Amino acid sequence: KQEVTQIPAALSVPEGENLVLNCSFTDSAIYNLQWFRQDPGKGLTSLLLIQSSQREQTSGRLNASLDKSSGRSTLYIAASQPGDSATYLCAVKETSGSRLTFGEGTQLTVNP
Amino acid sequence: AAGVIQSPRHLIKEKRETATLKCYPIPRHDTVYWYQQGPGQDPQFLISFYEKMQSDKGSIPDRFSAQQFSDYHSELNMSSLELGDSALYFCASSLGGSHQPQHFGDGTRLSIL
């Protein structure tokens, strides 16, 4: 059974810092991996999707990397802003089945 | 761009009642997924449909059922509601099957009194 773990569970940083969120998964037979953002009580906003054949994806200040063989992904946020404060979830899509398996998320607070 | 529409946004029910949640996927999307997110938890997959056929099944209780209609919208029917069913229920959709990115709606918050 696929298990996804995110470290740290919570992170508080001052505005302007660069930061890294970590995601690990137990079964490397994945099709893709997505990073989502969730604001309190709100829906999931897809940030980046990395196919299993890719090593990284970039969107603005966000960069996600994937090392499928070691079962790890990182989300790098450059020059963090208070508006980045949210919970960040990673989710893997395995090669079989339809489901996304989510990690428990990293709650990020960026202080002005 | 049109997104996934879920209704209602909020729903309050009492124990043992029934509830129906609706999901309207992004136009032309043929695959829908349902997830349940309990308080402080990560989303858990319930069930998915591709071209109106069930394509995958997760930890969905027997008290719940779902279907996808000819216009691709989907409904999640929940009966004999329990306190533990209180959660945020998300619908997601994708085009061309489950290997495509899943786009999530804003969810339906179900509260059981």
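The values are calculated or read from the model by the stated rules, or taken from the named source; none is laboratory data. Predicted model, so just to flag it, every value in this text is computed and none were measured. Cβ: placed from backbone, ideal geometry, glycine included. Neighbour counts: every protein chain shown.
Considering the range B:67-94 alone, what residues qualify as being acidic (Asp, Glu) and under 20 Å from B:ASP56 (Cβ atoms)?
Correct list: B:GLU75 only.
Output the residues belonging to the range B:76-91 that are surrounded by fewer than 23 Cβ atoms within 10 Å (Cβ to Cβ), at negative phi and away from chain A (no Cβ under 14 Å).
Matches in the range B:76-91: B:ASN77, B:SER79, B:LEU81, B:GLU82, B:LEU83, B:GLY84, B:ASP85.
Can you pull out the residues in the range A:97-112 that are free of Cβ contacts under 8 Å to residues at least 12 places away in the same chain and out of contact with any Gly (no Cβ under 6 Å at 6 or more places or on another chain)? So that I can check it myself, show each step before the final result.
Start the filter on the range A:97-112 by keeping residues that are free of Cβ contacts under 8 Å to residues at least 12 places away in the same chain, which leaves A:97-99.
The answer is A:GLY97, A:SER98.
Quick check, is B:SER7 out of contact with any strand residue (DSSP E or B) (no Cβ under 9 Å at 6 or more places or on another chain) and at pLDDT 95 or above?
No; evaluated as a whole, the condition is false for this residue.
Report, by residue number, each residue of the range A:31-44 that is out of contact with any Lys or Arg (no Cβ under 8 Å at 6 or more places or on another chain), more than 13 Å from A:CYS90 (Cβ to Cβ) and facing another protein chain (nearest Cβ under 8 Å).
Hits for the range A:31-44 are A:LYS42, A:GLY43.
hydroxyl-bearing (Ser, Thr, Tyr) and touching an Asp or Glu at 6+ places or on another chain (Cβ under 9 Å), is that true of A:SER80?
yes
Which residue is surrounded by the fewest Cβ atoms within 10 Å (Cβ to Cβ), if the candidates are limited to the range B:65-75 and must be outside any strand (DSSP E or B) and touching a Lys or Arg at 6+ places or on another chain (Cβ under 9 Å)? Before you say what the answer is, go through the steps one by one.
Applying the first criterion (outside any strand (DSSP E or B)) to the range B:65-75 yields B:69-73.
Narrowing further to those that are touching a Lys or Arg at 6+ places or on another chain (Cβ under 9 Å): B:69-70, B:72-73.
Values: B:PHE69: 11, B:SER70: 6, B:TYR72: 20, B:HIS73: 16.
Residue satisfying both the conditions and the ranking: B:SER70.
Looking at the range B:81-99, can you tell me whether even one residue there is assigned to a loop (DSSP other than H, G, I, E, B), at pLDDT below 95 and closer than 20 Å to A:GLY43 by Cβ?
Yes.
Per-residue answers, yes or no, for (1) within 11 Å of chain B (Cβ to nearest Cβ); (2) modelled with pLDDT of 95 or more; (3) buried (at least 19 other Cβ atoms within 10 Å of the Cβ):
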{"residue": "A:SER46", "(1), (2), (3)": "yes, no, no"}
{"residue": "A:SER52", "(1), (2), (3)": "yes, no, no"}
{"residue": "A:ALA64", "(1), (2), (3)": "no, yes, yes"}
{"residue": "A:SER73", "(1), (2), (3)": "no, yes, yes"}
{"residue": "A:SER80", "(1), (2), (3)": "no, yes, yes"}
{"residue": "A:TYR88", "(1), (2), (3)": "no, yes, yes"}
{"residue": "A:LYS93", "(1), (2), (3)": "yes, no, yes"}
{"residue": "A:ARG99", "(1), (2), (3)": "yes, no, yes"}
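From the list B:HIS99, B:HIS103, pick out the single residue that is under 19 Å from A:LEU33 (Cα atoms) and in contact (Cβ under 8 Å) with a residue 12 or more places away in the chain.
Numbers: B:HIS99 fails: in contact (Cβ under 8 Å) with a residue 12 or more places away in the chain.
Just one listed residue meets the conditions, B:HIS103.
Out of everything in the range B:52-65 that is under 24 Å from B:HIS99 (Cα atoms) and among the basic types (Lys, Arg), what residue ends up being farthest from the other protein chains (Cβ to nearest Cβ)?
Result: B:LYS52.
May I ask you to list the residues in the range B:24-51 that are more than 12 Å from chain A (Cβ to nearest Cβ) and within 22 Å of B:SER79 (Cα to Cα)?
Selection gives B:TYR24 alone.
Just for the range A:8-30: of the residues that are surrounded by fewer than 16 Cβ atoms within 10 Å (Cβ to Cβ) and within 14 Å of chain B (Cβ to nearest Cβ), which one is farthest from the chain's Cα centre (by Cα)?
A:ALA29
What strands (runs of 3 or more DSSP E) completely inside the range B:1-64 contain at least 2 residues that are within 27 Å of A:THR95 (Cβ to Cβ) and within 14 Å of the chain's Cα centre (by Cα)?
Numbers: elements: B:5-7, B:10-13, B:19-24, B:31-37, B:44-50, B:53-57.
It comes to B:31-37, B:44-50, B:53-57.
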